[in-house]
Amino acid sequence: MKMKKTVVIAGAGVGLGNHIAEKFGMMGYHIILLARRKDALQQYKKELEEKGIACAWYAMDVSDQQDVEKTFEMIRHDYGTPDVLVYNVGVTTADKDTTIDADVLVKRYKTDVIGAYNCIQHIVTDDFASKQGTILVTGGGVALHPEYTFLPLSMDKAALRAMVYAMFPVLQEKGIYIGLVTICGGIKKGTHTDPALIADKFAEMCEKRDTVETIYQ
């Protein structure tokens with residue numbers, strides 16, 4: 001019996017994350033959701049399974065390096081080496097009422113950027129390379145057009161974008177594809193930035209594997 005391909009989605013949620021999960025599930029992938037809250041993950045799993053999509057979940061904090069390592073070890077033990085990693089994590093709320101000090105910047109950077117780096121490091125194995133694995137990262141338009149009310153996010157998305165561009169040729173030599181979907185504007189259902197439409201772009205990049213970045217605007 002042929003095993004389903006597996007996609008790990010770090011940053012499951014009612015917005016974009018779960019729409020990416022649904023899109024890949026409709027493409028025949030087995031879905032593995034990662035987020036911090038167990039109760040939310042249980043609800044997401046239920047909703048996907050009601051649509052006929054096979055799903056599992058692991059509670060994980062992307063800012064905790066040991067937690068990331070342990071979780072990816074469990075995923076490989078339970079389901080083997082994944083085929084796709086989607087990193088869809090980021091604090092996207094405006095900071096107009098937040099005092100932005102060094103501690104805030106460090107905390108956000110650990111989640112938005114270091115979390116992505118750690119997840120990538122733990123999925124990039126020889127087996128992942130032999131499967132010609134795919135890594136997809138959610139970027140943001142504030143990396144291109146920074147805004148002061150989203151200062152930490154602007155800084156972090158710019159760093160994330162630089163990381164993907166730097167990794168692209170190195171991973172490509174190993175047969176691994178990494179791509180960035182840069183979303184310009186807030187995600188809102190019923191508009192051009194409907195999460196279901198953006199999820200289509202993730203699926204398209206996964207299949208084509210021909211560009212380092214898609215700017216969705």
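Using 0.36 nm per residue, how much length does the chain from L105 to H145 gain when fully extended, once their Cα-Cα distance is taken away? Before the final figure, lay out the partial values.
Values: separation 40, 0.36 × 40 = 14.40 nm, distance 1.86 nm.
My answer for the length gained is 12.5 nm.
Suppose the chain between D61 and D78 were pulled fully straight at 0.36 nm per residue; how much longer would it get relative to their current alpha carbon spacing? Each step should come with its number before you reach the end.
Numbers: separation 17, 0.36 × 17 = 6.12 nm, distance 1.92 nm.
Length gained between D61 and D78: 4.2 nm.
May I ask for the angle, rounded to the nearest 10°, between helix 38-50 and the longest principal axis of the chain, with both axes built from Cα atoms and the value confined to 0 to 90°?
Tilt relative to the chain: about 50 degrees.
Expressed as a whole number of Å, what is the distance separating the alpha-carbon centroids of segment 45-76 and segment 125-182?
21 Å
Over segment 20-86, consider all pairs of different Cα atoms and compute the Kirkwood hydrodynamic radius from their mean reciprocal separation; express it in Å, one decimal.
Values: mean 1/r = 0.0806 Å⁻¹.
So the Kirkwood estimate lands at 12.4 Å.
Between 0 and 90 degrees, rounded to the nearest ten: what's the tilt of helix 195-208 against the longest Cα principal axis of the chain?
60 degrees
Could you pull out every residue, at least 5 positions away or on a different chain, whose amide H is within less than 5 Å of the one on L180? Hs are placed 1.01 Å off N in the peptide plane, and Pro or chain starts have none.
Under 5 Å from the amide H of L180 lie the amide H atoms of V137, E213, T214, each far enough along the sequence or on another chain.
Using only the alpha carbon atoms of segment 111-153, find the Kirkwood hydrodynamic radius as the inverse mean reciprocal pair distance, in angstroms to one decimal. It would help to have the intermediate numbers written out before the result.
Details: mean 1/r = 0.0805 Å⁻¹.
Mean inverse Cα-Cα distance, inverted, gives 12.4 Å.
Using alpha carbons only, how many degrees (0 to 90, rounded to 10) separate the axis of helix 16-26 from the longest principal axis of the chain?
Value to nearest ten degrees: 20.
Restricting things to Cα coordinates, could you compute the convex hull volume per residue of segment 1-47 in Å³?
Spelled out: Cα convex hull of segment 1-47, divided by residues, is 74 Å³.
Give me Rg/Rg_expected for segment 51-167, where Rg uses Cα atoms only and Rg_expected = 2.2 N^0.38 Å with N residues.
On the way: Rg = 15.7 Å, N = 117, 2.2 N^0.38 = 13.4 Å.
Its radius of gyration relative to the 2.2 N^0.38 Å reference: 1.17.
Are there GluC sites (Glu not before Pro) in segment 41-149 that DSSP marks as loop and that have at most 15 other Cβ atoms within 10 Å, and which are they?
Working: sites: E47, E49, E50, E69, E73, E147; in loops: E147.
Counting only loop positions with at most 15 other Cβ atoms within 10 Å, the GluC sites (Glu not before Pro) in segment 41-149 are E147.
What is the sum of charges, Lys and Arg at +1 and Asp and Glu at -1, for the other residues whose Cβ falls under 14 Å from the Cβ of V62? Please report the intermediate quantities before stating the final value.
On the way: positive: R36, R37, K70, K107, R108, K110; negative: D61, D64, D67, E69, D112, D156.
Summing Lys and Arg as +1 and Asp and Glu as -1 gives 0.
Along each of the three principal axes of the Cα atoms of segment 110-217, give the extent in whole Å, ordering the values from largest to smallest.
Largest first, segment 110-217 extends 41, 29, 18 Å along its Cα principal axes.
Distances over 16 Å make up what percent of all Cα-Cα pairs in segment 55-94? Kindly include the intermediate steps, with their values, before the conclusion.
Values: 331 of 780 pairs.
Distances greater than 16 Å cover 42 percent of the Cα pairs.
Pick from A129, A162, A59: which is most flexible by mean-square fluctuation in a GNM of the chain where alpha carbon atoms under 10 Å apart are linked?
Highest fluctuation of the listed residues: A162.
Among the aspartates and glutamates, which fall within straight-line cross-link reach of K51, defined as a Cα-Cα distance under 15 Å, with same-chain neighbours fewer than 8 residues apart omitted?
Output for K51: E22.
Counting each DSSP H run of 4 or more residues in the chain as -39500 (n - 2.57), what helix-only mean residue ellipticity at 222 nm follows after dividing by all residues, to the nearest 500 deg cm²/dmol? The partial results should precede the final answer.
Values: 8 runs with 98 residues, N = 217.
The helix-only estimate for the chain comes to -14000 deg cm²/dmol at 222 nm.
Given a Förster distance of 22 angstrom, what is the FRET efficiency for Q217 paired with A196, based on the Cβ-Cβ distance and rounded to 0.05?
On the way: r = 17 Å, r/R0 = 0.77.
Efficiency, rounded to the nearest 0.05: 0.85.
If r is the Cβ-Cβ distance from K174 to M26 and R0 is 30 Å, what FRET efficiency results, to the nearest 0.05?
Details: r = 29 Å, r/R0 = 0.96.
For K174 and M26, the calculated efficiency is 0.55.
Which semi-axis lengths, in whole Å and largest first, follow from the square roots of five times the eigenvalues of the Cα gyration tensor of the chain? Provide the component values of the computation, followed by the final result.
On the way: eigenvalues 127, 74, 66 Å².
Over the Cα atoms of the chain, the ellipsoid semi-axes are 25, 19, 18 Å.
Throughout, read-outs are computed from the coordinates displayed, never taken from laboratory work. The model shown is predicted, which means the values in this text are computed figures rather than measured ones. With ideal geometry, Cβ positions are generated from the backbone for all residues, glycine too; neighbour counts draw on all protein chains shown.
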